[in-house]
Every structure is written in structure tokens, then in C-alpha cells.
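What follows draws every value from the coordinates through simple rules; no lab data is involved. Computed from a prediction, not measured in an experiment: that's the story for all the values here. Neighbour counts run over all protein chains shown; Cβ positions are idealised from the backbone, glycine included.
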Amino acid sequence: VGIRNGFPGLLADRVQPMTWEAVEGWAGLGGAELGTSRSTPTSDEEYVEVGAALERNSIDALLVIGGHRAYMAARRLASNQNLHPGLAIPAICLPATIDNNLPGWEMTVGADTALNEIVRDIDRIRQAASATRRAFIVETMGRKCGFLAFMSGLSVGAEEVYLNEDPPTLARLNVDVAEMVEGFRTGRTFHLAIRNEQASPGYTTEFLRQLFTEESDGVFSVRSMIVGHLQQGGSPTPFDRAHAAGLAAFCVDWLTGQVLAGRSDWHYATTGDGKKHTEPLTQVSGVYDMENRRPRDQWWMALREVLSTLSWQPPSSRSDEQSGGPGAG
Ligand code: F6P
């Protein structure tokens, strides 16, 4: 059963049976097909409405597929199960968002597809720019989670990645600009910076474009590109399809066990020691920074050193082993 288009109001009308025929061909489509984006219950009245609809439709377990808002709504419902008997059923959250900002999994469903879209676009830009001396600033989505910016930067060999977790500062931009000028003066033809959309409230993509242009000293030109909503589209990658299927199977098995045991826990799917398991949603704040909407510990942050090693270094700061010539990396 799917609940389309969220809350509030007329919830009963939005509960639709999902037969084999109804989902035929969905494997190649994005998750938006479920139609559940954005709106979530916020008041006691809406929780009661949800409970009543679950009861009316004889729903005995809930698989919640979504991102931050879905997790937070489920967490609030987990603490309010007493509001309506219909809420006394088990539920589990399955991480699905392009932002890869949820606790429990290295990759949320959808993140790999978005990353592929971004990398494809940047590779095209690099090709198009190869005949010019040009610096590019590419802005990616992700809210305050730098995964998409960082991993695309690592994948395409960006010189700089500006993240909310590691934001641009005046001192850093000073060094970056000096290195860009040195690079173009000594034969480079391309410089790539990736900026997460919420890396910094003041040092916006447009600000960086103007700053780099002003400081270019006529040696290079600067362009910016906001990848935008293309990141949310695209045909799901095989990794995402298989990952989603494996996760969903695990969640459904867990829910079945809960129902058979007469339990009504509200958990989220997670991993540890190489195994899938679950944790109570009520305890998610221990591992999840709810204000910044990202896990407290992000595995990919450990790769920052790798990115800076692979990115172009000015001859003045290169050690002997690193001297791969202009454009190395
Ligand atoms: O949460 C997914 C996401 O793609 C974010 O990375 C982005 O900021 C946001 O949604 C954009 O969606 P909208 O245009 O609806 O705000």
C-alpha cells in the first residue's frame, strides 16, 4: 500500500493498493513516482488523522521511504503512538534521498544516481573548456551535507571543494586565488572548484565567480554552473536499484517479524559489523545532527586528505614526489 502526496487532509483517498501491475516498469524510474515528497504531519490532529487512516485501511506495518523530513515525521509519530490506536503498529525508515545525509548507511538510495548525473555534467564541461583557459565553479545540491559536492569533486579531480563542513574563509580564498593565478601562468588551462549549495551564506557561487574574475589578472576567465534539479532526475543507476531492493527486502522482513511477534516498534534501518540491523527512531539524535541534517560522523570526510593530494599543487608548494607537471591530478 502506498500513501500518496502526504498530509494533511483526505488521507484515506491517498491510500492506494500497490499491485504487481501498478508498479510494473518502476525499476527504471526515480522515487518521485511514489508522490510522497515534502509534506509531513505536524500537529496532534494530523497524527490522529494518520492513525485513523492506518486503522481504517487495516494497515498493520509501515515502511517509510524518504529523507530527513520523513525520518523526523516518523520520529515524532514514534513518540506519539498513544494518540491513536492505529499508530500502534511497527514502522521502519528506509533511507532514500539524493543528499546522502541520513544516519545508518554509507549510501542512501538515490545518492549514487545524483552523483552520476553531476559527474557526467562536469566531465562535459571539462571537455568543452579544454580549448580555453578557464576556471569553473560548479554548485551542487545537498543542503548542509557535502557528500555530493565532495564525491563529485573527488571523482573528477577538482582543485577545491567548498563544503558546509569545511567552509570557504577569506584566508582560504586568498590562497586559492593565488594558486589559480600561478597555475594558469605556468601552463594550466583548467581549474575546477565545486561548491555545496549551503557551503557558506556569504561566499555564494556568484560571489566566488566575481572574486575569481576580479583577481584573474587577465590570465583566465571564470564561469559558474549550478547543476540544479537535473540532480534529482535521471534513470536510477544499477547500484541504486539493487541497493533499494536489498534494503526494502530487509525492512519488509523486519516488519514481518515485528507483526508476527505482536510488537509495534518504530525503527530506522542501519548497518554495523557488516550486518543490517535497526535502531529505535527515538534515539536517532545520538548519531544524527538534526539541526544540520547530516550524520554526526560522515565516512567520506576521511577522504578529504586524498582529494587534496590528488588535486593540482602549485610548483612552489610541490614536493619532489608530487611533481607530475601542470594538470597532474
Ligand atoms: O533534499 C533533496 C534536495 O535535492 C536538496 O539537495 C535540495 O536543496 C532540495 O532538495 C531542492 O529541492 P527544492 O527545489 O524542492 O527545494
Give the peptides 164-171, 257-264 in descending order of average Cβ contacts within 10 Å, highest first. 164-171, 257-264
Intensity falloff of the chain expressed as log10 I(q)/I(0), Debye formula with alpha-carbon point scatterers, at q = 0.10, 0.12, 0.14, 0.16 Å⁻¹: -0.66, -0.86, -1.06, -1.28
Most exposed to least, judged by fewest other Cβ atoms within 10 Å, 303, 310, 102 sort to 303, 310, 102
Förster radius 25 Å - calculated FRET efficiency between residue 256 and residue 82, Cβ distance, rounded to 0.05: 0.55
Taking H placed 1.01 Å from N in the peptide plane, check which residues at least 5 places from residue 294 or on another chain put their amide H under 5 Å from its amide H. 289
Could you work out the relative contact order of the range 154-260, using alpha carbon pairs under 8 angstrom and six or more residues apart, expressed as a whole percent? 28
Contour minus end-to-end for residue 245 and residue 123, with contour as 0.36 nm per residue of separation and end-to-end as the Cα-Cα distance? 41.0 nm
Within a 10 angstrom radius of the beta carbon, how do 203, 47 rank from fewest other beta carbons to most? 203, 47
Near the amide H of residue 133, under 5 Å away, which other amide H atoms are found, from residues 5 or more places off or on another chain, if H is placed in the peptide plane? 221
Diffusion constant of the range 237-305 at 37 °C, which comes from Stokes-Einstein with the Kirkwood Cα-pair radius and 0.692 mPa s, µm²/s: 231
Which helices, taking whole DSSP H runs in the chain, have alpha carbons extending 30 angstrom or more along the helix axis plus mean Kyte-Doolittle at least 0.5? 238-260
For a distance above 12 Å, tell me the whole-number percent of Cα pairs in the range 133-179 that qualify. 65
Among 243, 68, which comes first, then next, by fewest other beta-carbon atoms within 10 Å? 68, 243
Residues whose built amide H sits under 5 Å from the amide H of residue 138, excluding neighbours closer than 5 in sequence, are 193, 194, 195, 225
So for the pair residue 285, residue 21, with labels modelled 7 Å out along Cα→Cβ, what separation do we get in nm? 4.8
